[in-house]
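*Asks:* What follows is a single structure, and I will ask about it in a moment.
Nothing in this text is a laboratory measurement; each read-out follows from the coordinates by a stated rule. Note that this is a predicted model, so its numbers are computed, not measured. In this analysis, Cβ positions are derived from the backbone assuming ideal geometry, glycine residues included, and neighbour counts consider all displayed protein chains.
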There are 2 protein chains.
Amino acid sequence: MPKQKASKKIRIALDAMGGDHAPEEIIKGAIAAADDSDLDVVLVGQESVVQEELNKHNPAGCGVSVVHASQVITMEERPVSAVKEKRDSSIVVGVHLLKGGEVAAFVSAGNTGAVMTAASLILGRTKGIHRPALGAVFPFPSGPLLCLDLGASSDCKPMLLAQFAKMGTIYMRMIFGMDSPRIGLLSSGEEDTKGSQLVQKAHRMLRKSKLNFIGNVEGRDIASGRADVIVTDGFTGNVLLKLGEGLGEMLLDSLRKAVAENPKLKEAADLVEPTFKSVISTLDYRQYGGALLFGVKGNVIVAHGRSDADAIRNAIISAKREVSQEVSEAFKG
Amino acid sequence: MPKQKASKKIRIALDAMGGDHAPEEIIKGAIAAADDSDLDVVLVGQESVVQEELNKHNPAGCGVSVVHASQVITMEERPVSAVKEKRDSSIVVGVHLLKGGEVAAFVSAGNTGAVMTAASLILGRTKGIHRPALGAVFPFPSGPLLCLDLGASSDCKPMLLAQFAKMGTIYMRMIFGMDSPRIGLLSSGEEDTKGSQLVQKAHRMLRKSKLNFIGNVEGRDIASGRADVIVTDGFTGNVLLKLGEGLGEMLLDSLRKAVAENPKLKEAADLVEPTFKSVISTLDYRQYGGALLFGVKGNVIVAHGRSDADAIRNAIISAKREVSQEVSEAFKG
């Protein structure tokens, strides 16, 4: 791979082997993203496989290059052992490109746990952060909401939730210029005593912190605008995220069924569908490009495992934005 | 209170002091439910307060009687100590009426933890069940789905999730005549190795069980019809439940805003709104009447804390149905 550090282009590494639709859709997404003349995409994966796909769609290879990685970490593999054993996997090689400064960001739709583990081990963690979190900003009608963790750390200690709150505060301050972002702790009730043992302990820690902690928030507050940042463990965050997607699909399906049963509704449904689709799309961060891995020293973007070419393109564009806004600089310390 | 055991009417005790809108809305709901000539509602609470409300709306007291309970357990109180200390609270007195056979069911929109604790201590738990679960059946377009736990047991052990799965199997067999209900375990990924430590351990237990365990399901499967029963811990279940409500409200708000900005949409919105409202209402179990407390020896229905008169009426009607179908008999063993 030719080094182009002198170029003003932003170079982004993409895991060509990660995701349910790899490598076809991933490579199509890379080609689409590389249409942007400010962007170079480095495809990381098994060279023969990647090159074959690339030849189908972009034989000239404009804006796209390939770095060979002989191994693939599957979705089923246990993250820590996979990262340790498969040192020539697309995930490990991609993160090393980032560590070495060859690229400014790494994007993967592969095994989230493996991406997180590789990023933690190779890039190192932000000072004071015990484990990383996946965060995404949801552009709700009530305002942008950062949710973290969406699935990096399934089992959290109370201290970790407090760390996520701190990172969320820094991020919303930097990106949205909020002086004092309102932090909510996701729980099963607003009262201080509600929630799991984990949440009750995290609540007490956050009360003592200097953050603008507004207390517990409930599932219904996610779209209500009460908080700017909602903090939760990665298990709950991930389940919630996928529920949002599922409910959106169910609502659109129901509208289609109602139209099928009563064709008179068709015109009305066509008129309101864009409104619903735009609201439902706010629940699906794939549509505006992946989640950021908070708490590691570098821009790592995790795309949805089910990403198609459009989703990958959006994740790469999102990575470019994170690079331009120097987000990771704030977490390098 | 006159004992009416010889009557064919179903007597249901209602916590008049529990819920955000107690006692006004609770008592209005009781009066509405008592319109059903097969039903007697026993209001449990501070007699003077209850009687005053009752006089406003139903001075004749048809179908409604009052049992005095001098104390009130608030939403903020810690369940175990509240139940032990407030022996003359509406929750404790109501559960005692059920235990004594004076009523066939107890309904409360009060402190869920306190209702659960009182039911466990006073009625006793179903054999082999370590802690109760709140379950509700969601009438999704893809079929009925029983979700449990929705908030009774925030911190669960793996064994408990397996017990919930067993109770869910019995319930769906009894109520919906399913031979072999499909059990899904809510997780952050379909793969066996995904999820929190709790879920991974529960997964291994369920694999070894004789239940029809279909493996992990994700948030998006909740409305997909993949499973008949979805099992989760009470913390996750409660957060999910409230997210569903919040998203439904957000979608309807967005439609209203779109109409305000573009009045041409009004006619179309009016036409499709009933379809959306009916889908959204499936996410809100209040609308079809409370959640059942699984794993205690008796019919205990927990209504939403925010219940209004309609919701309370529905919860009472739901309790009547549980009584008629002899649901609790299956869990008395």
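*Asks:* Mean separation of Cα pairs under 8 Å and 6+ residues apart, divided by the residue count of the stretch B:133-282: what relative contact order is that in percent?
*Replies:* For the stretch B:133-282, the relative contact order is 30 percent.
*Asks:* If you take each beta carbon of peptide B:247-256 and count the beta carbons of other chains within 10 angstrom, what is the mean?
*Replies:* Mean number of neighbouring Cβ atoms from other chains: 6.
*Asks:* For peptide A:276-284, compute the average count of partner chain beta-carbon atoms within 10 Å of each residue's beta-carbon.
*Replies:* Taking the mean over all residues of the peptide, I get 3.
*Asks:* Still on this structure, please answer the following. Mind jotting down a quarter of the surface of the convex hull over the alpha carbons of the protein assembly as shown, in square nanometres, one decimal?
*Replies:* Its average projected convex-hull area is 31.6 nm².
*Asks:* Another one. Report relative contact order for chain A in percent, whole number only (criteria: Cα-Cα under 8 Å, sequence separation at least 6).
*Replies:* Details: 709 pairs, mean separation 72.3, N = 333.
Dividing the mean separation by the residue count of chain A yields 22 percent.
*Asks:* Using Cα positions and a limit of under 18 Å, work out the lysines in reach of B:K166, with same-chain residues fewer than 8 apart set aside.
*Replies:* Correct list for B:K166: B:K127, B:K157, B:K201, B:K208, B:K210, B:K297, B:K332.
*Asks:* Quick one: order A:F276, B:F106 by neighbouring beta-carbon count within 10 Å, fewest to most.
*Replies:* A:F276, B:F106
*Asks:* For the stretch B:3-113, with equal point scatterers placed on the C-alpha atoms only and solvent neglected, what are the log10 I(q)/I(0) values from the Debye formula at q = 0.15 1/Å, to two decimals?
*Replies:* Log10 I(q)/I(0), no solvent term: -0.57.
*Asks:* Kirkwood Rh over alpha-carbon pairs of the stretch B:133-282, then Stokes-Einstein at 4 °C and 1.567 mPa s: what D in µm² s⁻¹, rounded to an integer?
*Replies:* So the translational diffusion coefficient is about 79 µm²/s.
*Asks:* Counting DSSP beta bridges in chain B, what percent are antiparallel, to the nearest 5?
*Replies:* 30
*Asks:* Related question: Once the mean 1/r over all distinct Cα pairs of the stretch B:185-263 is inverted, what Kirkwood radius in angstroms do you read off?
*Replies:* Radius from the Kirkwood sum: 14.6 Å.
*Asks:* Here's another thing I want to ask about it. Any chance you could tell me what percent of the C-alpha pair distances in the stretch A:121-192 go past 22 Å? Please report the intermediate quantities before stating the final value.
*Replies:* Values: 635 of 2556 pairs.
Tail of the P(r) past 22 Å holds 25 percent of the pairs.
*Asks:* Let me see the pair-distance distribution of chain A: every alpha carbon pair, 10 Å bin width, integer percents in order.
*Replies:* Spelled out per bin, shortest first, that is 6, 26, 31, 23, 11, 3, 0.
*Asks:* I would also like to ask the following. Starting from a label point 7 Å past Cα on the Cβ side, list the distances from B:P141 to the same position in the other copies, nm, shortest first.
*Replies:* Reported distances to equivalent positions: 2.1 nm.
*Asks:* Still on this structure: In whole Å, how far is the Cα centre of the stretch A:29-104 from that of the stretch B:24-100?
*Replies:* First find each Cα centre; the distance between them is then 65 Å.
*Asks:* Residues of B:178-189, mean number of Cβ from any other protein chain within 10 Å of their own Cβ, rounded to a whole number? Mind dumping the intermediate values first?
*Replies:* Details: counts 0, 0, 0, 0, 0, 0, 0, 0, 4, 5, 14, 10.
Partner-chain Cβ atoms within 10 Å, mean over residues of B:178-189: 3.
*Asks:* From the cross-link list A:K8/A:K56; A:K194/B:K242; A:K242/A:K277; A:K257/B:K266, which pairs have alpha carbons spaced over 19 Å apart?
*Replies:* Correct reply: A:K8/A:K56; A:K257/B:K266.
*Asks:* Could you work out how far the C-alpha centroid of the stretch A:184-239 sits from that of the stretch A:119-158, in angstrom?
*Replies:* When both Cα centres are located, 14 Å separates them.
*Asks:* With respect to the symmetry axis carrying chain A onto chain B, which residue of chain A exhibits the smallest Cβ distance to that axis, and what is the value in whole Å?
*Replies:* Value returned for chain A: A:A268, 2.
*Asks:* Here's a follow-up. What order do you get for A:M159, A:M205 when you list them from fewest to most C-beta neighbours inside 10 Å?
*Replies:* Working: A:M159 13, A:M205 16.
Going from sparsest to densest Cβ surroundings: A:M159, A:M205.
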